[in-house]
Every structure is written in C-alpha cells, then in structure tokens.
Amino acid sequence: MTFIIQGGVSLLDVHCHIIPGVDDGAQTEADSIDMAKTAIAEGIDTIVATPHHKNLRYDNYREDILKNVSILNELFEENGIELTVLPGQEIRINGEILEDLRNGELLPINDSKYIFIEFPSDSVPRYTEQILYDLQIEGYTPIIVHPERNRELLENPNKMYQLVRNGALSQVTAASIVGKFGKKIEQFSHQLIEANLTHLIGSDAHNTTTRGFFVRDAYEMVKNKYGVETYYMFMENSHLLVENMNLNRFEPSPIRKKKKKRFGLF
Ligand code: FE
C-alpha cells in the first residue's frame, strides 16, 4: 500500500452536510463558514458535500448540488478559507434509484462510480439486495452510509456481512467510532471495522455543535486501536473514492452477536 502524506496529515471528509439551506445541515452561509473553519482546525482540507436526497424531507437534485458546490467554493475563496468542496449526494434507498440515475437526477460521489446509499434509521427495506445488485450491474458501487446507526443492522449484524459479501461497501461515522452516539453504536462501529465490513470514515457533520466532525479523533482512535495499516487503509480509501479508483477492501467476516446477559447484576 502506498500512501504519501504531503505537508503533514491532510484529511478528506467524505460525508458532510455543509451546503447552506438545502437540508438539516448548515442553514446559512455563516454556518457553512463556521463548519469549514472547524473542519480546517481538525486538519481537513477537502470535504465531499452530501446533501440528503429523497429522505422524505429533502430533495437535492444533481444539477442543484453541482451549482451549490461551486457557489460554496467561491464563498470560501472570497473569505480566505482553504477548503475544497467536492460534489456528492446522500440518497435514501428507494425503488426509483436506477431510473433516477439514468435521468441524471443523481450524483455519485465526485461523479465517480461510488454512490452513497442511506437506509431508514430503523430498518433495511426488503428490496435492498435487489437495488444494490442492480446498481452494480449498471457499473456503480453502492456505499452504505452509517450502517452502525441502523437498528435492524444492529440487531442482525450478519445482514451487513451479506451486503458486503454481495459487493457493497460502507462508510462508518467518525462520531460513532468515538462514542458520541452511545455505547451500542460505538461497539457496533468497532465490530464493523474488525470484521472488514466498513471501508470509509466520514463525519456526517451537520453543524459545529450537536453534530460535529470528530474525524481527527476517529482516525487517531483507529490508529491506536488497530495500528497504522488500518489507519492508512481508511485514509487512502477516502482519496481513492474521490479519484474514482478501487478502494482497499479485505475479506469480510461475520459478526457474532453478543448474547445478552440474563442476570447481569449477579
Ligand atoms: Fe448524512
């Protein structure tokens, strides 16, 4: 594996709601600037903007995202903020993905073959396997975002194993890794890493207060817990993603569900 770090560690955040006023992320240009400054302070120099699409509350179509990203890059330049924003989209899984892709409504990450797919928070829809399969037949690689925060996957981690075995990739959220979403989600994030069921770390930052970045903290934790090789794998994958190259992936293994202690107090 070759990974050249130029001029110190520069981090790339692959998942962020930094475009103002388009979803539940940044609301104003000032919010976007705040987020950018916080990101830069963590060592991030590039962010993929991934506004929600078809999540029942927000729609962000390809052409609008492309326009908004170029406006945001201009805003940062005018304000002397050294952060590059790349275009992306977080697509809630739905039955029309293939059709929407063909119609040019969807935006893979930086126009690569990689598509961010979000599940509803409590379930994995029955048609998921079919959609992920169809996407691959069309030449795309689906990336399941924050699987560690999905209730059905938490309860049935082997479902994640099957999805990855069938060619999907996944992105784990930095805040989950460092425990900001609670113990269960933290534990599941680490199980996903240990079982080679996740390939990217992203912030999914929505603001600088309740849903911040934690990207540097997450990478540090990964380095300390799993060693430099795993750390570089994640770092390199973020760059390979936006360059539309094949990501590093290792043989996945199933996660054994921990048995609940019936008499935990005794
Ligand atoms: Fe998101």
Length-normalised contact order of segment 1-102 in % [C-alpha pairs under 8 Å, at least 6 apart]: 28 percent
Percent RCO, i.e. relative contact order, over segment 21-166, from Cα pairs under 8 Å lying at least 6 residues apart: 19 percent
Hey, how many Å between the Cα centroid of segment 88-144 and the Cα centroid of segment 156-215? 18 Å
Any chance you could get the radius of gyration and Dmax over the Cα atoms of segment 160-250, in Å? 12.8, 37
Could you order peptides 200-206, 74-80, 230-236 by the average number of other Cβ atoms within 10 Å of their residues, highest first? 200-206, 230-236, 74-80
For segment 121-202, take N as its residue count and report Rg(C-alpha) divided by 2.2 N^0.38 Å. 1.04
Cα convex hull of the chain: how many Å³ per residue? 132 Å³
Please compute the Kirkwood hydrodynamic radius of segment 45-169 from all pairs of different C-alpha atoms, in Å with one decimal. 15.3 Å
With a 1.4 angstrom probe the carbon and sulfur portion of accessible area for segment 1-151, in percent, totals 45 percent
Just the number please: accessible area per residue for segment 79-175, 1.4 Å probe, all protein chains included, in Å². 40 Å²
Solution diffusion estimate, µm²/s, Stokes-Einstein, segment 22-83, Kirkwood Rh from C-alpha pairs, 37 °C, viscosity 0.692 mPa s: 265 µm²/s
Cα radius of gyration and Dmax for segment 113-168 (Å): 10.6, 31
Before anything else, pin down the relative contact order of segment 131-192: Cα pairs under 8 Å, at least 6 apart, normalised by residue count, whole percent. 34 percent
So for segment 109-266, considering every pair of alpha-carbon atoms, how many percent are separated by more than 20 Å? 49 percent
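The values are calculated or read from the model by the stated rules, or taken from the named source; none is laboratory data. Given the structure is predicted, the values throughout are model-derived calculations rather than measurements. Quick reminder, even Gly has a Cβ in these numbers, built from the backbone with ideal geometry, and neighbours come from all protein chains shown. Surface areas here come from the heavy atoms of the whole protein model, side chains and all, with no ligands, DNA or RNA. Shrake-Rupley method; radii C 1.70, N 1.55, O 1.52, S 1.80 Å.
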